[in-house]
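J.: A single structure is presented below for examination.
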Amino acid sequence: MKSLLIVLMIFLFSVEASGQYTSVSVPVLDESMNSRNFALGNSLVSFTHNSLGSYLNPASLDHEGLPTLGYFLHENDGISRYFKTRTQNIYAGFSAGKFNIALNYLDFRNVFDDEASIFYEPFRDNVLKLSTAYIFDNGLRAGIGLSYLKSDIGDNQIYADREYIPATSFFVDLGVQYQKVYQKGEDWKLTPSFGTALTNFGQSVSYYDDEDTDPLPARLKIGTGLAVEYGEEIFGMKSVRVLGSFAVSKLMVRQEKKAIENNGQSDTVYVAMNAFEALYRSWGTYTWYDGISYQEASLGEQLMFHSGIEVVFLETLALRFGYQKASEVNFPYTVQTGGFGIDLGYLAFDYTRFYYPKGRLSEKGNTWNITARIPLGGNKPKSILNQFFN
């Protein structure tokens, strides 16, 4: 079996099981493309003012009337010191009345030096995503994202008698959020929030034919949280803001065994359920193989839990901590995170350090992103710098 297949099997955490659940295609789509989200355990399902969060919930888009550019980078060590994966996302967004619109370009690929090129096959995933969010007058927000995917896992055929073709897919993200502000006296402001999203919902992919398909990592997310602001303004900025967030998510995928005829011989393959079918058939118990024996996973064991806390001083310096908890069947996704952010209005930098306590290809590492806001038409971003350069 080719080394590419081994690498892909590790990255996809795929196992052969009845009602297969843990094998999905293009798993990078299930990762956070924003360091702030990641630092808070991917729990920001219900919060706005998060211009780079369209992968988490398209309703979160809020450019505050300013054209916005962003760049995200995440490099992961692989199965050897020669092999890494690199995820990059380029972001552009703007506001148009009550609409916020964003365009993302995602590039995910393996990276290795010349010594390793004879052992590893190149693969690359690219996604073009157009998202928009609409702000209603009553605190409700709704968002939708439309994406096109091209996934190329290398031109060396895993199946010698079947023609390899890079996979393509169209998929959609849907989300809603609700926030309400409560003013308590002169010094306190409380903002509870609620949100839900369905991401990566679309057609399955196949690299060989329509019979053998893998689902996209469609995920249903429900989240809530509370932001508390306290204190008088200093330099025109709020003194302290504390945000706590919590979310629950679940992969909405299933695969079924199917007998096919291949060159006159019978074969059995796994076929992804239709996305709409999986949406209502993926709630029950399923059987999976842990490498030793078959196990059953209840609905509760299929859930992932996300939590995070953020403390912001003078709307400029943020400290963040998060935890994403997964059960045994999803154990590689349990992760502890911490990070910081510096927001100068015109330019913001976010950094996250992560650690997978139960092991993964890369047990620890970091991500970062940079965001630029362009002051056009006399509209300036809120910044502590404005107090010193007026």
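The values are calculated or read from the model by the stated rules, or taken from the named source; none is laboratory data. Owing to the predicted nature of the structure, the values given are computational and were not obtained by experimental measurement. As a convention, Cβ positions derive from the backbone with ideal geometry for all residues, glycine included, and neighbour counts pool all protein chains shown.
J.: Could you pull out the residue among Tyr286, Tyr280, Tyr333 that is within 23 Å of the chain's Cα centre (by Cα) and at pLDDT below 85? Steps first, answer last, please.
T.: Values: Tyr286 fails: within 23 Å of the chain's Cα centre (by Cα); Tyr280 fails: at pLDDT below 85.
From the options Tyr286, Tyr280, Tyr333, the qualifying one is Tyr333.
J.: If I filter region 99-113 for residues that are modelled with pLDDT of 85 or more, over 20 Å from Ser32 (Cα atoms) and either of a type outside the set (S, T, N, Q) or surrounded by fewer than 20 Cβ atoms within 10 Å (Cβ to Cβ) (or both), do I get at least one hit?
T.: Checked region 99-113: at least one residue is modelled with pLDDT of 85 or more, over 20 Å from Ser32 (Cα atoms) and either of a type outside the set (S, T, N, Q) or surrounded by fewer than 20 Cβ atoms within 10 Å (Cβ to Cβ) (or both).
J.: Which condition does Ser51 not pass, out of (1) at pLDDT 80 or above; (2) under 18 Å from the mean Cα position of the chain (by Cα), if it passes all the others?
T.: So Ser51 meets the others, but not (1).
J.: Among the listed residues Thr191, Thr199, which satisfies the condition of being touching a Phe, Trp or Tyr at 6+ places or on another chain (Cβ under 9 Å) and buried (at least 21 other Cβ atoms within 10 Å of the Cβ)? Walk me through it before giving the result.
T.: Working: Thr191 fails: buried (at least 21 other Cβ atoms within 10 Å of the Cβ).
Being touching a Phe, Trp or Tyr at 6+ places or on another chain (Cβ under 9 Å) and buried (at least 21 other Cβ atoms within 10 Å of the Cβ) holds for just one of Thr191, Thr199, which is Thr199.
J.: Checking Thr85 against (1) of a type outside the set (Gly, Ala, Ser); (2) modelled with pLDDT of 95 or more; (3) surrounded by 15 or more Cβ atoms within 10 Å (Cβ to Cβ), which test does it fail?
T.: Thr85 satisfies all of (1) of a type outside the set (Gly, Ala, Ser); (2) modelled with pLDDT of 95 or more; (3) surrounded by 15 or more Cβ atoms within 10 Å (Cβ to Cβ) except (2).
J.: Looking at (1) at pLDDT below 90; (2) crowded, with 19+ Cβ neighbours inside 10 Å, find the lone condition where Gly341 falls short.
T.: (1)
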